[in-house]
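A quick write-up on the structure given underneath.
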Amino acid sequence: MTCKKMLKFNLIVAVCDNFGIGIRGDLPWQIKSELKYFSRTTKRISDPTKRNVAIMGRRTYFGIPANKRPLPERLNIVLSTTLKHDDLPDDVLLFPNLESAMQHLESVDLKDEIENVWIVGGSGVYAEAMSSPRCHRLYITKIQQHFECDTFFPNIPASFREVSPDTDTPLGVQEENGIKYEYKILEKQ
Ligand SMILES: NC(=O)c1ccc[n+]([C@@H]2O[C@H](COP(=O)([O-])OP(=O)(O)OC[C@H]3O[C@@H](n4cnc5c(N)ncnc54)[C@H](OP(=O)(O)O)[C@@H]3O)[C@@H](O)[C@H]2O)c1
């Protein structure tokens, strides 16, 4: 008998000094190189026949500028209990919660087509993700400044510890438009 391997995911977030991640449905800051890092990291694959998945809450999906969504080169999954399939483009999948989305991805048809699953926000989805046994790594951009925010990153469970960055992660403190920030990776121990 073969033992079915649980499909895991990573989480990616940019968070400021006061733990904020969003304001009025948008990001509180403008850091182009950080957006490029998000795009590069969530698109990165080693098998060119596969693609990655980006899972997000309803507000995060509609917070992405209309001309930039669905996020290209990734299978987009939106979590919502109020949207209907018709509210989203045909190639975007809709599920009521994270676990049902993960179980769908584990189904035989899809698991050979996908490489990595990324949780890209927002607040409640991050909380559900970090409390799941499926959660492997947290890719956190720590923005070293205070911003006015109305959406916040939940507490990180003590089981996550910092690990060495990936080879293509810029090291040390970065700066753009006078905003200092640093890329960190935490892994469940
Ligand atoms: N800094 C960053 O890295 C980052 C990343 C992502 C988002 N953001 C920002 O965060 C804000 C959006 O995040 P948000 O927290 O307000 O909303 P969100 O999580 O994107 O969306 C919330 C909605 O998602 C659905 N949902 C499904 N499963 C859920 C779960 N487990 N927990 C909570 N909601 C779930 C619900 O939709 P229904 O009500 O339809 O059921 C809920 O109302 C925006 O300002 C965005 O720009 C920042």
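Only Cα pairs under 8 Å and 6+ residues apart enter the sum, and on that basis the relative contact order of the stretch 9-188 stands at 33 percent. Solvent-accessible surface of the chain, averaged per residue with a 1.4 angstrom probe and all protein chains in place: 56 square angstrom. The lysines whose alpha-carbon is closer than 16 Å to the alpha-carbon of Lys188, local same-chain residues fewer than 8 away aside, are Lys8. Positive end of the dipole of the stretch 9-188 (Cβ unit charges, origin at the Cα centre): among Met102, Gly172, His136, the Cα lying farthest that way belongs to Gly172. Under the combined filter of DSSP loop state and at most 12 neighbouring Cβ atoms within 10 Å, the stretch 124-162 retains these GluC sites (Glu not before Pro): Glu148. The simple Förster model, with R0 at 22 Å and r as the Cβ-Cβ distance, assigns Ser159 and Ser100 a FRET efficiency of 0.35.
Here's how it looks for Val53: its modeled amide H is under 5 Å from those of Leu75, Glu115, Asn116, Val117, Trp118, which are all 5 or more places away or on a different chain. Each of Arg44 and Leu110 was given a label point 7 Å from its Cα along the Cα-to-Cβ line. The distance between the two points is 2.4 nm. Rg/Rh, computed from the Cα trace of the chain with Rh as the Kirkwood radius, has the value 0.95. Charge tally for Phe160 (other residues, Cβ to Cβ under 10 Å; Lys, Arg +1; Asp, Glu -1): +1. Pairs from the table (Lys4/Lys84; Lys32/Lys142; Lys5/Lys50; Lys32/Lys111) lying more than 24 angstrom apart at Cα are Lys4/Lys84; Lys32/Lys111. For the stretch 77-147, applying the loop criterion from DSSP together with a ceiling of 10 other beta carbons within 10 Å to the trypsin sites (Lys or Arg not before Pro) yields Lys84.
The values are calculated or read from the model by the stated rules, or taken from the named source; none is laboratory data. This one's a predicted model, so the numbers in the text were calculated from it and none came from an experiment. So basically every Cβ, Gly included, is an ideal-geometry build from the backbone, and we count neighbours across all protein chains shown. These area figures cover heavy atoms from the full protein model, side chains too; ligands, DNA and RNA do not enter into them. Shrake-Rupley method; radii C 1.70, N 1.55, O 1.52, S 1.80 Å.
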